[in-house]
Amino acid sequence: MSDPTEANGTAGSAEAPGPAESGGGPGRRVRVVLVDDHRMFRTGVQAEIGQTEQTGVEVVGEAADVDQAVTVITATRPEVVLLDVHLPGGGGVEVLRRCAPLMADAEQPVRFLALSVSDAAEDVIGVIRGGARGYVTKTITGTDLVDSIFRVQEGDAVFSPRLAGFVLDAFASTDAPPVDEDLDRLTQREREVLRLIARGYAYKEIAKQLFISVKTVESHVSAVLRKLQLSNRHELTRWATARRLV
């Protein structure tokens, strides 16, 4: 029997993300497990993001189906799992279900980022309801994937921009509480940043959209989180969605 952290899958024709040129910052490290039933794709991702000295990403295991994934994730306890949606044995949703206790661990949570060729609304919503922190498609570049991994490690919600709407619609509440009092605490610019964050835009994309620096975006996000008494982008997205601000 092969080492579960090196489980082989069925070779496929999917292409890996483009080259990753930078990591999460000096000294930052994140342990990652790759779950995808195409060995060729796993190999490509490992080659692009797994150069730890350059990217800060350490790939500690691989799996090709649900059973292998649960075994590897339980054994290695990574900080982030890159999870394909369609897998033999029940799919990504089944992996999430069986790993729920690991996601709920307060001291060492395992967080999931869906990485799939599918951009179907039902796939996106299914894994997010299952507990995944985000969903990106396989057209993502290596650099952006590394950035997304670190954001998920920190507890942020990450989505390819055009997929965020599926999640916002699915989680929209018809019983949204009054928002005037909360919104009055925010400046107009902070509201603009809030809406873009909730739509899944990265800091660089927001900076380009609003013609401001990335550092200024970071300052606005910090101010919004402080004023609304939220902890991270994931909570911010849920807050904005519940109030139909997006």
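The values are calculated or read from the model by the stated rules, or taken from the named source; none is laboratory data. Predicted model, so just to flag it, every value in this text is computed and none were measured. Note that we place each Cβ from the backbone using ideal geometry, even for glycine, and neighbour counts take in every protein chain shown. Note: accessible area is taken over every heavy atom of the protein model, side chains too, but ligands, DNA and RNA are not part of it. Shrake-Rupley method; radii C 1.70, N 1.55, O 1.52, S 1.80 Å.
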*Note down the net charge around Ala106, summing +1 for each Lys or Arg and -1 for each Asp or Glu among other residues with Cβ under 15 Å from its Cβ.*
-1
_Distribution of pairwise C-alpha distances over segment 181-243, 10 Å bins, in %_ = 23, 62, 15
_1.4 Å probe accessible area per residue over segment 181-243, in Å²_ = 55
*Placed amide H near Glu62: partners under 5 Å, 5+ positions off or other chain*: Glu6, Ala7, Leu34
*Which order do peptides 40-46, 224-230, 102-108 fall in by mean Cβ count within 10 Å, highest first?*
40-46, 224-230, 102-108
*Tally Lys/Arg at +1 and Asp/Glu at -1 over every other residue whose Cβ is under 10 Å from the Cβ of His86; what's the total?*
-4
*asked:* Going by amide H atoms built from the backbone, whose H comes under 5 Å of the H on Ala114, apart from near neighbours?
replied: Leu83, Arg133, Gly134, Tyr135, Val136
